[in-house]
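Heads up, the thing below is written out as C-alpha coordinates.
The values are calculated or read from the model by the stated rules, or taken from the named source; none is laboratory data. Since the model is a prediction, treat every value here as computed from it, not as a measurement. Here Cβ is always computed from backbone atoms with ideal geometry, including for glycine, and neighbour counts include all displayed protein chains. Only protein heavy atoms, including side chains, enter the accessible area calculation; ligands, DNA and RNA are left aside. Shrake-Rupley method; radii C 1.70, N 1.55, O 1.52, S 1.80 Å.
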Amino acid sequence: MRLRYCDSYEETGVLGASCFMEVIRNRPNALVCTATGSSPTGLYRRLAMERDKDPRLFSNLRVIPLDEWVGLPSGDEGSCGTYIRRHITGPLHITSNRYFPFDPTTSALETETSRIRDVLQAQGPIDICILGLGKNGHLGFNEPDEALIPHCHVAQLSPASMKHAMVSGALDKPRRGLTLGIADILASKTIILLISGEGKQETVKRFLQPEITTRLPASFLWLHPNTYCFIDRASLR
Ligand code: GLP
(Lines give C-alpha, C1' and ligand atoms only; values in the text may rest on other atoms or scores of the structure.)
Protein backbone atom coordinates (compact mmCIF):
# COMPACT_ATOMS: atom_id res chain seq x y z
CA MET A 1 0.00 0.00 0.00
CA ARG A 2 1.28 3.44 -0.86
CA LEU A 3 0.40 5.69 2.08
CA ARG A 4 0.51 9.43 1.83
CA TYR A 5 -0.18 11.77 4.74
CA CYS A 6 -1.88 15.00 3.72
CA ASP A 7 -1.97 18.33 5.54
CA SER A 8 -5.59 19.02 4.63
CA TYR A 9 -8.78 17.48 3.31
CA GLU A 10 -8.22 19.51 0.13
CA GLU A 11 -4.88 17.80 -0.42
CA THR A 12 -6.41 14.30 -0.23
CA GLY A 13 -8.68 15.32 -3.12
CA VAL A 14 -5.90 16.87 -5.17
CA LEU A 15 -3.58 13.87 -4.80
CA GLY A 16 -6.39 11.35 -5.19
CA ALA A 17 -7.51 13.05 -8.41
CA SER A 18 -4.02 13.13 -9.86
CA CYS A 19 -3.67 9.41 -9.15
CA PHE A 20 -7.04 8.88 -10.88
CA MET A 21 -6.02 10.96 -13.91
CA GLU A 22 -2.81 8.94 -14.28
CA VAL A 23 -4.87 5.74 -14.71
CA ILE A 24 -7.45 7.35 -17.03
CA ARG A 25 -4.72 8.61 -19.37
CA ASN A 26 -4.01 5.01 -20.40
CA ARG A 27 -7.57 3.75 -20.02
CA PRO A 28 -10.18 6.36 -21.04
CA ASN A 29 -13.02 3.79 -20.89
CA ALA A 30 -12.16 2.73 -17.34
CA LEU A 31 -14.83 1.24 -15.09
CA VAL A 32 -14.84 3.30 -11.90
CA CYS A 33 -16.45 2.20 -8.66
CA THR A 34 -17.52 5.20 -6.64
CA ALA A 35 -17.97 5.48 -2.88
CA THR A 36 -20.13 8.30 -1.58
CA GLY A 37 -19.93 10.13 1.78
CA SER A 38 -17.73 13.08 2.59
CA SER A 39 -14.26 11.53 2.13
CA PRO A 40 -14.19 11.38 -1.71
CA THR A 41 -16.16 14.59 -2.45
CA GLY A 42 -12.97 16.69 -2.81
CA LEU A 43 -11.57 14.21 -5.33
CA TYR A 44 -14.79 14.32 -7.40
CA ARG A 45 -14.70 18.12 -7.30
CA ARG A 46 -11.20 18.05 -8.82
CA LEU A 47 -12.35 15.66 -11.55
CA ALA A 48 -15.18 18.05 -12.41
CA MET A 49 -12.58 20.83 -12.78
CA GLU A 50 -10.54 18.63 -15.12
CA ARG A 51 -13.66 17.92 -17.18
CA ASP A 52 -14.38 21.64 -17.46
CA LYS A 53 -10.93 22.10 -19.01
CA ASP A 54 -11.38 19.20 -21.42
CA PRO A 55 -15.04 18.26 -22.10
CA ARG A 56 -14.05 15.02 -23.88
CA LEU A 57 -12.02 13.71 -20.95
CA PHE A 58 -14.61 11.37 -19.45
CA SER A 59 -16.70 10.68 -22.54
CA ASN A 60 -15.98 6.94 -22.34
CA LEU A 61 -15.72 6.51 -18.57
CA ARG A 62 -18.09 3.98 -16.95
CA VAL A 63 -19.39 4.25 -13.37
CA ILE A 64 -20.69 1.65 -10.93
CA PRO A 65 -21.65 2.64 -7.36
CA LEU A 66 -20.00 0.97 -4.39
CA ASP A 67 -23.18 0.83 -2.33
CA GLU A 68 -26.70 2.11 -1.73
CA TRP A 69 -29.12 2.43 1.17
CA VAL A 70 -32.02 -0.03 0.85
CA GLY A 71 -35.42 1.63 0.73
CA LEU A 72 -34.37 5.20 -0.03
CA PRO A 73 -35.83 6.25 -3.36
CA SER A 74 -33.09 7.40 -5.75
CA GLY A 75 -34.39 10.99 -5.58
CA ASP A 76 -34.01 11.07 -1.78
CA GLU A 77 -31.49 13.65 -0.54
CA GLY A 78 -29.53 10.99 1.37
CA SER A 79 -29.36 8.31 -1.30
CA CYS A 80 -26.10 7.34 -2.95
CA GLY A 81 -27.88 7.78 -6.29
CA THR A 82 -28.55 11.45 -5.51
CA TYR A 83 -24.95 11.96 -4.39
CA ILE A 84 -23.58 10.30 -7.54
CA ARG A 85 -25.79 12.37 -9.83
CA ARG A 86 -24.74 15.56 -8.03
CA HIS A 87 -20.99 14.92 -7.74
CA ILE A 88 -20.14 12.43 -10.47
CA THR A 89 -22.48 11.59 -13.35
CA GLY A 90 -23.80 15.18 -13.57
CA PRO A 91 -20.51 17.16 -13.49
CA LEU A 92 -18.55 14.54 -15.44
CA HIS A 93 -21.36 14.08 -17.99
CA ILE A 94 -21.59 10.30 -17.66
CA THR A 95 -24.46 9.20 -19.89
CA SER A 96 -27.01 6.64 -18.65
CA ASN A 97 -25.57 3.87 -20.84
CA ARG A 98 -22.29 4.24 -18.91
CA TYR A 99 -23.80 4.29 -15.41
CA PHE A 100 -24.97 1.14 -13.58
CA PRO A 101 -26.88 2.13 -10.43
CA PHE A 102 -28.53 -0.08 -7.83
CA ASP A 103 -32.31 -0.08 -7.57
CA PRO A 104 -32.78 0.58 -3.83
CA THR A 105 -36.57 0.38 -3.85
CA THR A 106 -37.04 -3.04 -5.40
CA SER A 107 -38.74 -5.67 -3.26
CA ALA A 108 -36.64 -8.33 -5.01
CA LEU A 109 -33.32 -7.54 -3.36
CA GLU A 110 -31.69 -10.89 -4.09
CA THR A 111 -32.56 -10.50 -7.78
CA GLU A 112 -31.03 -7.03 -7.63
CA THR A 113 -27.76 -8.32 -6.18
CA SER A 114 -27.48 -10.98 -8.87
CA ARG A 115 -28.27 -8.37 -11.53
CA ILE A 116 -25.37 -6.25 -10.25
CA ARG A 117 -23.12 -9.33 -10.11
CA ASP A 118 -23.94 -9.86 -13.80
CA VAL A 119 -23.23 -6.20 -14.60
CA LEU A 120 -19.84 -6.54 -12.95
CA GLN A 121 -19.18 -9.75 -14.83
CA ALA A 122 -19.96 -8.04 -18.13
CA GLN A 123 -18.34 -4.65 -17.45
CA GLY A 124 -15.60 -5.57 -14.99
CA PRO A 125 -13.14 -5.85 -13.56
CA ILE A 126 -13.17 -2.46 -11.90
CA ASP A 127 -10.25 -0.36 -13.10
CA ILE A 128 -10.35 2.21 -10.29
CA CYS A 129 -12.15 1.76 -7.01
CA ILE A 130 -12.57 4.93 -4.97
CA LEU A 131 -13.19 4.23 -1.29
CA GLY A 132 -13.72 6.05 1.97
CA LEU A 133 -13.08 4.57 5.40
CA GLY A 134 -16.15 4.13 7.59
CA LYS A 135 -15.95 5.16 11.25
CA ASN A 136 -16.03 1.49 12.22
CA GLY A 137 -13.62 0.42 9.48
CA HIS A 138 -16.22 -0.64 6.94
CA LEU A 139 -15.79 -0.40 3.17
CA GLY A 140 -19.07 0.28 1.39
CA PHE A 141 -21.47 -1.71 3.55
CA ASN A 142 -19.01 -4.50 4.25
CA GLU A 143 -19.41 -4.16 8.00
CA PRO A 144 -17.10 -5.54 10.71
CA ASP A 145 -18.21 -9.12 11.45
CA GLU A 146 -16.99 -12.68 11.98
CA ALA A 147 -16.96 -13.21 8.22
CA LEU A 148 -17.17 -11.07 5.09
CA ILE A 149 -19.19 -11.79 1.95
CA PRO A 150 -17.13 -11.76 -1.25
CA HIS A 151 -19.59 -10.43 -3.83
CA CYS A 152 -22.55 -8.07 -4.20
CA HIS A 153 -25.05 -8.64 -1.39
CA VAL A 154 -27.63 -7.17 0.96
CA ALA A 155 -25.98 -6.14 4.24
CA GLN A 156 -27.45 -5.51 7.69
CA LEU A 157 -26.19 -2.07 8.64
CA SER A 158 -24.20 -1.51 11.82
CA PRO A 159 -25.44 1.12 14.30
CA ALA A 160 -22.49 3.31 13.15
CA SER A 161 -23.65 3.19 9.53
CA MET A 162 -27.24 3.96 10.48
CA LYS A 163 -25.94 7.15 12.12
CA HIS A 164 -24.11 8.30 8.97
CA ALA A 165 -24.72 11.93 8.05
CA MET A 166 -26.16 10.96 4.65
CA VAL A 167 -29.24 9.46 6.31
CA SER A 168 -29.52 11.80 9.28
CA GLY A 169 -32.57 13.41 7.70
CA ALA A 170 -34.30 10.19 6.65
CA LEU A 171 -37.64 9.66 8.38
CA ASP A 172 -37.42 5.93 7.92
CA LYS A 173 -33.77 5.05 8.68
CA PRO A 174 -32.39 2.37 6.37
CA ARG A 175 -31.43 -0.83 8.20
CA ARG A 176 -29.96 -2.60 5.20
CA GLY A 177 -27.65 -1.69 2.37
CA LEU A 178 -26.77 -3.02 -1.08
CA THR A 179 -23.03 -3.27 -1.50
CA LEU A 180 -20.30 -4.72 -3.64
CA GLY A 181 -18.36 -7.36 -1.70
CA ILE A 182 -14.81 -7.40 -0.44
CA ALA A 183 -13.65 -9.68 -3.30
CA ASP A 184 -15.18 -7.31 -5.88
CA ILE A 185 -13.24 -4.47 -4.28
CA LEU A 186 -9.99 -6.45 -4.13
CA ALA A 187 -10.36 -7.46 -7.80
CA SER A 188 -10.03 -3.77 -8.76
CA LYS A 189 -6.85 -2.94 -10.66
CA THR A 190 -6.23 0.27 -8.73
CA ILE A 191 -7.75 1.30 -5.40
CA ILE A 192 -7.77 4.85 -4.06
CA LEU A 193 -8.65 5.01 -0.36
CA LEU A 194 -9.36 8.43 1.12
CA ILE A 195 -9.27 8.82 4.88
CA SER A 196 -10.72 11.92 6.45
CA GLY A 197 -13.38 12.97 8.92
CA GLU A 198 -13.95 13.14 12.64
CA GLY A 199 -14.38 10.24 15.03
CA LYS A 200 -12.06 7.89 13.12
CA GLN A 201 -8.83 8.21 15.18
CA GLU A 202 -8.99 4.75 16.77
CA THR A 203 -10.05 3.07 13.54
CA VAL A 204 -7.28 4.77 11.56
CA LYS A 205 -4.69 3.68 14.13
CA ARG A 206 -5.91 0.08 13.95
CA PHE A 207 -5.89 0.25 10.15
CA LEU A 208 -2.28 1.42 10.17
CA GLN A 209 -1.02 -1.39 12.44
CA PRO A 210 -1.54 -3.26 10.02
CA GLU A 211 -3.33 -6.46 10.94
CA ILE A 212 -5.83 -8.12 8.61
CA THR A 213 -9.12 -8.94 10.27
CA THR A 214 -12.80 -9.18 9.29
CA ARG A 215 -13.43 -6.95 12.34
CA LEU A 216 -11.86 -4.15 10.29
CA PRO A 217 -12.87 -4.77 6.66
CA ALA A 218 -10.58 -1.98 5.37
CA SER A 219 -7.59 -3.97 6.66
CA PHE A 220 -8.05 -6.35 3.69
CA LEU A 221 -6.70 -3.58 1.47
CA TRP A 222 -3.25 -4.46 2.81
CA LEU A 223 -3.54 -7.59 0.62
CA HIS A 224 -4.03 -5.56 -2.54
CA PRO A 225 -0.97 -4.91 -4.73
CA ASN A 226 -1.97 -1.49 -6.05
CA THR A 227 -3.68 0.61 -3.38
CA TYR A 228 -3.04 4.30 -2.82
CA CYS A 229 -4.14 5.68 0.51
CA PHE A 230 -4.40 9.41 1.19
CA ILE A 231 -4.81 10.25 4.87
CA ASP A 232 -5.83 13.65 6.12
CA ARG A 233 -3.60 14.08 9.21
CA ALA A 234 -6.54 15.68 11.01
CA SER A 235 -8.28 12.28 11.09
CA LEU A 236 -5.47 11.02 13.35
CA ARG A 237 -5.92 13.75 15.96
C1 GLP B 1 -20.88 5.35 4.32
C2 GLP B 1 -20.91 4.81 2.88
C3 GLP B 1 -19.53 4.45 2.38
C4 GLP B 1 -18.60 5.56 2.76
C5 GLP B 1 -18.38 5.53 4.26
C6 GLP B 1 -17.56 6.66 4.81
O7 GLP B 1 -21.67 4.57 5.15
N8 GLP B 1 -21.75 3.67 2.75
O9 GLP B 1 -19.55 4.25 0.99
O10 GLP B 1 -17.36 5.39 2.10
O11 GLP B 1 -19.60 5.38 4.96
O12 GLP B 1 -18.26 7.87 4.80
P13 GLP B 1 -17.56 9.27 5.07
O14 GLP B 1 -16.56 9.47 4.01
O15 GLP B 1 -18.69 10.28 5.01
O16 GLP B 1 -16.94 9.18 6.44
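Peptides 180-190, 166-176 ranked from most to least packed give 180-190, 166-176, packing being the mean of other C-beta atoms within 10 angstrom over each peptide's residues.
E50 sits among other residues whose Cβ lies under 14 Å from its own Cβ, and their net charge, with Lys and Arg +1 and Asp and Glu -1, is +3. Oblate is the label for segment 97-137, because the ratio a/c of its alpha-carbon gyration tensor axes (a ≥ b ≥ c) is 1.5 or higher and a/b is not greater than b/c.
When the surface is traced with a 1.4 Å probe over the full set of protein chains, M162 keeps roughly 50 Å² accessible.
Near M21: Cβ cut-off under 12 Å, other residues only, Lys/Arg at +1 and Asp/Glu at -1. The net charge is +2.
Tell me which GluC sites (Glu not before Pro) from segment 155-237 have a DSSP coil assignment and no more than 11 other beta carbons within 10 Å of their own. Hits after loop and neighbour filter: E198, E211. Dipole size of the chain about its Cα centre, with +1 on Lys/Arg Cβ and -1 on Asp/Glu Cβ: approximately 460 debye, rounded to the nearest 20. Unpaired Cys in the chain, meaning no second Cys C-beta under 4.7 Å: C6, C19, C80, C152, C229. With a Cα cut-off of under 28 Å and a minimum spacing of 8 residues unless on different chains, the lysine pairs in the chain number 12. Tally Lys and Arg at +1 and Asp and Glu at -1 over the other residues with C-beta under 12 Å from the C-beta of T113: what net charge comes out? Cβ neighbours under 12 Å give a net charge of -4. Centre-to-centre, using Cα atoms only, segment 90-148 and segment 21-60 are separated by 17 Å. Checking every one of the GluC sites (Glu not before Pro) in segment 95-147 against DSSP loop status and a limit of 16 other Cβ atoms within 10 Å picks out E146. Computed from backbone phi with θ = phi - 60° and the Karplus coefficients 6.51, -1.76 and 1.60, the 3J(HN,Hα) list for segment 89-106 is 5, x, x, 8, 6, 8, 6, 4, 6, 10, 10, 10, x, 6, 9, x, 9, 5 Hz; x is used for glycine and proline. Within the P(r) computed for segment 69-159, what percentage of the Cα pairs occupies the region above 18 Å? Value for segment 69-159: 54 percent of Cα pairs lie more than 18 Å apart. DSSP bridge analysis restricted to the chain gives an antiparallel fraction near 30%, rounded to the nearest 5.
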